[in-house]
Amino acid sequence: MENKLRARIGEESYQKLSKINNPALFDFIGKYIELCNPATVFVSNDSPEDVAYIRETTLKAGEEKALAISGHTAHFDAAGDQGRDKEHTNILVPKEVVLGEAISTRDRDHGLQEIHEILKDMMKGKELFISFFCLGPTNSEFSIPCVQLTDSSYVAHSERLLYRDGYEEFVRQGASAHFYKFVHSQGEVDARKVSKHLDKRRIYIDLDGEIVFSTNTQYGGNTIGLKKLAMRLAINQASKEGWLTEHMLVMGIHGPNRVTYFTGAFPSLCGKTSTAMLDGETIVGDDIAYLRNKNGVARAVNVEKGMFGIIQGINSKDDPLQWKALHNPGEIIFSNVLITPEKSAHWIGRDGNLPPKGENFSGEWTPDKKDAKGKAVPCSHPNARFTISLDLFDNLDPALHDPSGVEVGGIVYGGRDSDTCVPVEESFDWTHGIITKGAALESETTAATLGQEGVREFNPMSNLDFLSLPVGAYIQKNLDFGKGLKKAPKIFSVNYFLRDRETGKFLNEKNDKKVWYKWMELRAHHDVDAIKTPTGLIPKYEDLKPLFKQILNMDYTVAAYKKQFMTRVPENLAKIDRIKKIYETIVTDTPKILLEVLEEQRQRLLKAKETCGDYIDPEAYEQN
Ligand code: OXD
Ligand code: MN
């Protein structure tokens, strides 16, 4: 096997591989080289020359185009390949395993057979890139080494910006390494270098083999193995080992002479990155966190070291940190933005005038361009992205690479909810928080996934798309995690999308969230009181008013407070009905406690309604 591999990949690449003493790795690489049949193989050992080779190849191969600012490049995905393909992303499970209706699965034998047929000779005439990475900080209890095989230099390049180097981790761990494996092929590409056969787009996650396959797609959410694909493997592993893999940001909130770390779960395109990038605070991560119980304390790491961020709406006023990094020299891949004639990137919601022409995901573009259905083609795709290493940001938290992670002081859940939840609220305790804030999370769909936007969907912990165990079992794991802690972090909900009942206008400005996080930080240390409502603990007006003044220089009015923090009883009751129905029908392994806690909340709401009516002013609770 080894000699065959040596002949196949060439001496230089073989020398790099041979420093790793891991027969399982050799078997895996040998098998997929044989099957995919690339013309050449490039193994990266993370050296500056290897990293530069991949970067240069993206330009030569036409997968990326150089922009005017040094280090900036742009990449396009095919029309129809600009979001996560939920329909063709399946967990492969043996016949006897049932994950439930909410999780998209496929029979393992059939899935493996199909994907191996698709992969056969798929890299013929192409170069295969083999790279090593580490999920989580290296040399840590959190580390998971990974190997990625891909014929896309764009995917290899993106991962280089997003993940920590892993070659040395493989060398260090040798035969004992427990590692994840990824095989990706973009398949045949057209003249614009985008995947041609989207009908054969498949993303299959083999939990037993700890391999993820991805074919005929380029969009990062479908191809960057270490992102949402590895997440399914890690959720499965974590559930067996008693830790958590969550769709969460990690950030330091700077309180009075202290920093308190928060994690926060939000569905895609619901403000997770803009929260992690709040001006005045520090970022550890914006997307995926591992949480472990270390001596009774919840500690979290960012699985990544970069950001695959949504660019729509980023402007100099609301997002000064991103704005600065996106306009400075440094390695950034823009995807599905508009390339202007001056070779700069433009996107929906950016400052400045709309350029008169350029190139975007639809080809040559002018502002009057219409699609086949007569709909205006926007300058950039709503899910256009930028890929960047976090060290290009001024607000990077020094704990990013700490092998023991950060202590979690608070956990936040938030969705796109126009009519039910107040802007910020603390749960009564861990169980109440996991159930009513996490497990009951609903959100309106966005452009981050293919399909209709704006439909209210159930999304427990914002993690439904990535679950690889039954929903009820996953919720139970979350409940258990808190029980094992000496001091469980407080759990909060936020809602950035609440609208006025009469006018339909948003009740909050984009930056109001700065205040909510400062308030939560104070609550984490019991520095301010709160008002008890049927759904949780809300801020007092007199605590928010000075925070609005200090942080945003705004005069926060009683009228605004009352509108934002009013309990909407009918909407809350309707939400409980919807959620209960899901946990009684679609989810079949619901923990008993979940329905009990929802019922208690329903009773509290009904009782409050008797005395205070349908729409309850926060003052009513203070008087009681
Ligand atoms: C992401 C997503 O890209 O969740 O982070 O879609
Ligand atoms: Mn995400």
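The values are calculated or read from the model by the stated rules, or taken from the named source; none is laboratory data. The shown structure was predicted, so the numbers you read here are calculated from the model rather than taken from an experiment. We place every Cβ from the backbone using ideal geometry, glycine too, and count neighbours over all the protein chains shown. Protein only, heavy atoms only, side chains kept; ligands, DNA and RNA dropped before computing areas. Shrake-Rupley method; radii C 1.70, N 1.55, O 1.52, S 1.80 Å.
Computed from phi, the 3J(HN,Hα) profile of the stretch 348-359 under the Karplus parametrisation 6.51, -1.76, 1.60 (θ = phi - 60°) reads 4, x, 7, 5, x, 6, 5, x, x, 6, x, 10 Hz, with x in place of Gly and Pro. A simple spin-label model places pseudo-atoms 7 Å from Cα toward Cβ; at residue 139 and residue 407 they are separated by 2.4 nm. Protection proxy ranking for 195-201, 148-154, using the average of other Cβ atoms within 10 Å per residue and placing the highest first: 148-154, 195-201. Summing charges over neighbours of residue 30, with a neighbour being any other residue whose Cβ is under 14 Å away from its Cβ, gives +2 when K and R count +1 and D and E count -1.
Solvent-accessible area per residue in the stretch 116-201 equals 32 Å², computed with a 1.4 angstrom probe and all protein chains kept. Express in nm, to one decimal, how much length is gained between residue 328 and residue 526 on full extension, taking 0.36 nm for each residue of separation and deducting their alpha carbon distance. Taking 0.36 nm per residue and subtracting the Cα distance, the gain is 67.2 nm.
Listed by chain and number, the lysines whose alpha-carbon sits under 27 Å from that of residue 317, ignoring those within fewer than 8 places in the same chain, are 272, 305, 343, 357, 505, 510, 513, 514, 518, 545, 549, 563.
Per residue, the accessible area of the stretch 308-392 comes to 44 Å², computed with a 1.4 Å probe over protein heavy atoms only.
Gain in length, residue 61 to residue 6, computed as 0.36 nm per residue apart minus the alpha-carbon separation, to one decimal in nm? Before the final figure, lay out the partial values.
Numbers: separation 55, 0.36 × 55 = 19.80 nm, distance 2.56 nm.
Taking 0.36 nm per residue and subtracting the Cα distance, the gain is 17.2 nm.
Distance from the alpha carbon centroid of the stretch 516-537 to that of the stretch 547-624 works out to 15 angstrom.
Distant-in-sequence amide contacts of residue 442, defined by a placed amide H-H separation under 5 Å and a gap of 5 or more residues or a different chain, comprise 459.
Taking amide H atoms as placed 1.01 Å from N in the peptide plane, the amide H of residue 381 lies under 5 Å from those of 361, each 5 or more residues away in sequence or on another chain. The packing ranking of peptides 251-264, 7-20, highest mean first, is 251-264, 7-20, where packing means the average number of other beta carbon atoms within 10 angstrom of each residue.
Computed over neighbours whose Cβ is under 15 Å from that of residue 290, the net charge equals +2, Lys and Arg +1, Asp and Glu -1. Label zone (residue 200, point 7 Å along Cα-to-C-beta; backbone nitrogen cut-off 12 Å) within the stretch 144-188: 185-188. Once backbone amide H atoms are built at 1.01 Å from N, residue 72 has 67, 330, 332 as its partners under 5 Å, excluding neighbours fewer than 5 places away on the same chain. Using the Karplus relation 6.51 cos²θ - 1.76 cosθ + 1.60 with θ = phi - 60°, the per-residue 3J(HN,Hα) values for the stretch 244-258 come to 10, 10, 10, 7, 9, 6, 9, 8, x, 9, 8, x, x, 6, 7 Hz, with x marking Gly and Pro.
Among the trypsin sites (Lys or Arg not before Pro) in the stretch 260-336, those placed in a DSSP loop whose Cβ has at most 11 other Cβ atoms within 10 Å are 317.
Estimated at 0.36 nm per residue, the fully extended path between residue 52 and residue 611 surpasses their Cα-Cα distance by 194.4 nm.
Cross-link partners for residue 592 among the aspartates and glutamates, with Cα-Cα distance under 12 Å and sequence neighbours closer than 8 places in the same chain left out: 584.
Each peptide in 96-109, 162-175, 413-426 was scored by the mean count of other Cβ atoms within 10 Å over its residues; highest first, the order is 413-426, 162-175, 96-109. Between the Cα long axis of helix 592-612 and the first principal axis of the chain there is an angle of about 40°, rounded to the nearest 10.
Taken one residue at a time, the phi angles of the stretch 482-491 give Karplus couplings (6.51, -1.76, 1.60, θ = phi - 60°) of x, 5, x, 8, 5, 9, 6, x, 5, 10 Hz. Gly and Pro are set to x. Take every pair of alpha-carbon atoms less than 8 Å apart whose residues are at least six positions apart; their mean separation over the length of the stretch 192-308 yields a relative contact order of 18 percent. For the chain, with all protein chains in place and a probe radius of 1.4 Å, 50% of the accessible heavy-atom surface sits on carbon or sulfur.
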